[in-house]
Amino acid sequence: MTQAPAALQFTLFSRAGCTLCEEMLEQFLALPQAAQWQVVVLDVDADPGHRSRYGHKIPVLALNGELVCHGRLDTEELLKAVSLRHPTV
């Protein structure tokens, strides 16, 4: 019996009132593949560690804890990161 691949877990580090963050989320959700993926939006200011690490870079998109892109959605980098983890996606 083969195991199904683990779900891809994206995290979008954001903050209230961040227009770029809202744009990145909208663009992410508009991708045809996005229906297969999970995305969690975290307020970067809610955790001092996240604020220190990502606060000046938001929006930041991570896949399973690894940075994919920041500032603007980089679809090419996102798809490359996905294919490295799940070559059949």
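Observations, loosely collected:
- Principal-axis tilt of helix 75-85 within the chain, Cα atoms, nearest 10 degrees: 50
- Amide H partners (placed H, <5 Å) of Asp47, local residues excluded: none
- Summarising the amide proton neighbourhood of Val41: residues at separation of 5 or more, or on other chains, whose placed amide H is nearer than 5 Å comprise Leu12.
- Shown for the chain: cysteine residues without a partner Cβ closer than 4.7 Å, namely Cys69.
- Label-to-label distance, Leu79 versus Thr19, with points set 7 angstrom from Cα along the beta-carbon direction: 2.8 nm.
- Rounded to the nearest whole Hz, the Karplus-based 3J(HN,Hα) values (6.51 cos²θ - 1.76 cosθ + 1.60, θ = phi - 60°) of the range 36-43 follow the sequence 8, 10, 9, 10, 10, 9, 10, 6, with x at glycine and proline.
Here, each number is a calculation from the coordinates, and none is a lab measurement. These figures come from a predicted structure and were not determined experimentally. Note that each Cβ is placed from the backbone with ideal geometry, even for glycine, and that neighbours are counted across all protein chains shown.
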